[in-house]
Amino acid sequence: MSKKRIVLSSDHADIALRQSIAAHITDRGYEVLDIGPTTAESTDYPKHGEAAARHVASGDCALGIIVCGTGQGIMMAANKVKGIRCGVCADAFSARMIRQHNNANMLSIGARVTGAGLALDIVDAFLDAEFEGGRHATRVDMITALEG
Ligand code: RB5
């Protein structure tokens, strides 16, 4: 089975981290859509969170990984797009659990919070986990119902 297509985006806070995530998951056999930005010029995280989220919400990409300074602002923007469930993770356990229990389809990382090595472990935990369904599906459906 071919591996999932993953969209990556960030703001200016750490382009290098985003690029190292791209290289890492490409090495792991994933198809990567890196939508930038390509320079470290100051930019507005909401538009990058939204852009990545639209690729996931449309089904163009199965999952998304986004980066800003804290991971928080870009996550908030992504979660405004219908169908997106994005969590900020600074540890691998949470990254695994947001897939297994919350069926998260996006992961956000704070580049000024989380070191580059740990960030890759977090990414691996997220990508290697699968949604467990069952009672968790009922709860995720409750989240979806809040979208109106
Ligand atoms: C940019 O300076 C910073 O505010 C942004 O990367 C992020 O941390 C916002 O949540």
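The values are calculated or read from the model by the stated rules, or taken from the named source; none is laboratory data. Remember, predicted model here, so these are calculated numbers, not experimental data. In this analysis, Cβ positions are derived from the backbone assuming ideal geometry, glycine residues included, and neighbour counts consider all displayed protein chains. Ligands, DNA and RNA are excluded from the accessible area calculation, which covers all protein heavy atoms including side chains. Shrake-Rupley method; radii C 1.70, N 1.55, O 1.52, S 1.80 Å.
Relative contact order, percent, of the stretch 1-135 when contacts are C-alpha pairs under 8 Å separated by at least 6 residues? Working shown, then result.
Numbers: 285 pairs, mean separation 33.1, N = 135.
RCO, the stretch 1-135: 24 percent.
Among all stretches of the chain without exposed trypsin sites (Lys or Arg not before Pro) (DSSP loop, at most 15 other Cβ atoms within 10 Å), which one is longest?
Details: sites that count: Lys3, Lys4, Arg28, Lys80, Lys82, Arg112.
The segment 29-79 is the longest one with no such site.
What is the angle, in °, between the Cα long axis of helix 45-57 and the longest principal axis of the Cα atoms in the chain? Nearest 10 is fine, range 0 to 90.
Orientation of helix 45-57: about 50 degrees from the principal axis.
Give me the Å³ per residue figure for the convex hull around the C-alpha atoms of the chain. Mind showing how you got there, number by number?
Details: hull volume 14.0 nm³, N = 148.
That works out to 95 Å³ per residue.
How many angstrom separate the Cα center of the stretch 94-139 from the Cα center of the stretch 36-77?
First find each Cα centre; the distance between them is then 16 Å.
Would you work out the charge dipole size for the stretch 8-80 about its Cα centre, treating the Cβ of every Lys and Arg as +1 and the Cβ of every Asp and Glu as -1, and quote it to the nearest 20 debye? Show your work: numbers first, answer last.
Details: 5 positive and 9 negative charges, 37 e Å.
Result for the stretch 8-80 is approximately 180 debye, rounded to the nearest 20.
Please work out how much accessible surface His55 shows to a 1.4 Å probe, ignoring ligands, DNA and RNA, in Å² rounded to 10.
50 Å²
Largest first, what is the accessible-area ranking of Thr43, Thr70 with a 1.4 Å probe? Let's see the in-between values first.
Details: Thr43 25, Thr70 70 Å².
Ranked list, largest accessible area first: Thr70, Thr43.
Can you give me the angle between helix 15-27 and the longest principal axis of the chain, using Cα atoms only, in degrees from 0 to 90, rounded to the nearest 10?
60 degrees
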